[in-house]
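Okay, so here's the structure we're looking at.
The values are calculated or read from the model by the stated rules, or taken from the named source; none is laboratory data. Everything quoted here is computed from the prediction, not taken from an experiment. Cβ placement follows ideal geometry from the backbone for every residue including glycine, while neighbour counts extend to all protein chains displayed. For the accessible areas, the whole protein counts, side chains as well, though only heavy atoms, and no ligand, DNA or RNA atoms are used. Shrake-Rupley method; radii C 1.70, N 1.55, O 1.52, S 1.80 Å.
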Amino acid sequence: MSVVIVLHEPQDLVNIAHVVRAMKNFGCKDLRLVAPREYDGYRVEGIAHQTQDILARVARYDALPAALADCVHVVGFTARGRTAKRNVQRPREAMAEVLSISPTGPVALLFGREDKGLSNAALDLCHRIVTIPTNPDYPSLNLGHAVVLTLYELALARGDEDRPFKAPRRPAEPARAEEIERLFVDVEHALAAIDFFKTREREGIMRTVRELVHRVPLDQREAKLLRAMAIEVVKDHERLARSGLHVDRQ
């Protein structure tokens, strides 16, 4: 996937750093800066840690046409509605198209300066115009936020959402029926020890406990932990009884 982020006349070094961090988060490696007001890779790396691989590839240009010259598809981002007719898209549709085109050559995701966005001249260089749906009364996003949202949509388009979660370090087998039944016995003993059934109907309470446990199947380790808690309640009650101390449970 050959996707490059192009920042046209970025004004704030901190915003550049936020963009670099977003790129690192989502595996995007190529950043092009067009006439940045300031740029210092060392300072950027101090804000966006462990991004040396991206910073080593940063390319700087004096003019936007040069930065886009080798791109086969250019997507510009703007928060403002335009009177001129444009090929407009929402981010999800745009990123699906970007993903399909990117094998043929570099695809540019173009973002304008923080205070003014992209000019009409810059938008004229774009094949598609994307507006991220936000509150119409306050539509402008921070530059870094806009890039994060865009790269997230790109990640969804390439199927990252289907990536499996990291497996637990110590996987446990599902609890067997006999283990769950022993748990119910221990829970009932614990509730009886603290006089929980004194004003409540035992059978109904235990039926509810069963429903709760069965709603989220337990593994063996979880079942043992809950049993241990219930057993400790009973033991504590027995120790208290032997001590002869009176505890008001009301």
Where residue 25 falls short, out of the listed (1) closer than 29 Å to residue 137 by Cα; (2) in contact (Cβ under 8 Å) with a residue 24 or more places away in the chain = (1)
Selection status of residue 219, in contact with a Pro (Cβ under 9 Å, 6 or more places away or on another chain) and either more than 30 Å from residue 13 (Cβ to Cβ) or surrounded by fewer than 15 Cβ atoms within 10 Å (Cβ to Cβ) (or both) = yes
Scope region 110-129; condition assigned to a helix (DSSP H, G or I) and touching a strand residue (DSSP E or B) at 6+ places or on another chain (Cβ under 8 Å); matching residues | 122, 123
If we keep only residues of region 18-58 that are of a type in the set (Gly, Ala, Ser) and more than 25 Å from residue 73 (Cα to Cα), then the residue nearest to the chain's Cα centre (by Cα) is 48
Restricting the search to region 159-191, which residues are surrounded by 10 or more Cβ atoms within 10 Å (Cβ to Cβ) and within 24 Å of the chain's Cα centre (by Cα)?
-> 160
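Looking only at region 173-201, how many residues end up being on the phi < 0 side of the Ramachandran plot, touching a residue at least 12 places away in the same chain (Cβ under 8 Å) and charged (D, E, K, R)?
Initially, region 173-201 is screened for residues on the phi < 0 side of the Ramachandran plot, giving 173-194, 196-201.
From the residues that got through so far, the ones that are touching a residue at least 12 places away in the same chain (Cβ under 8 Å) too are 173-176, 179-180, 182-184, 186-191, 193-194.
Applying the additional criterion that residues be charged (D, E, K, R) yields 173, 176, 179, 182, 186, 188.
The number of residues fulfilling the criteria is 6.
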Right, residue 96: among the small types (Gly, Ala, Ser) and either touching a Phe, Trp or Tyr at 6+ places or on another chain (Cβ under 7 Å) or in a loop (DSSP other than H, G, I, E, B) (or both) or not?
-> no
Return yes when residue 239 is assigned to a loop (DSSP other than H, G, I, E, B) and either exposed (fewer than 10 other Cβ atoms within 10 Å of the Cβ) or free of Cβ contacts under 8 Å to residues at least 40 places away in the same chain (or both) and no when it is not.
-> no
Enumerate the pairs (first residue in region 93-121 and in contact (Cβ under 8 Å) with a residue 24 or more places away in the chain; second residue anywhere and open to solvent by less than 10 Å² (accessible area, probe 1.4 Å) and polar (S, T, N, Q)) with beta-carbon separation below 8 Å, excluding pairs fewer than 6 apart on the same chain, so at least 6 apart or on different chains.
-> 95/150; 109/150
Among the residues of region 130-156, count how many are aliphatic (A, V, I, L, M), closer than 22 Å to residue 113 by Cβ and either open to solvent by 40 Å² or more (accessible area, probe 1.4 Å) or part of a loop (DSSP other than H, G, I, E, B) (or both).
-> 4
Within region 65-89, the residues that are modelled with pLDDT of 95 or more and over 22 Å from residue 14 (Cβ atoms) are 65, 66, 68, 69, 70, 71, 72, 73, 74, 75, 76
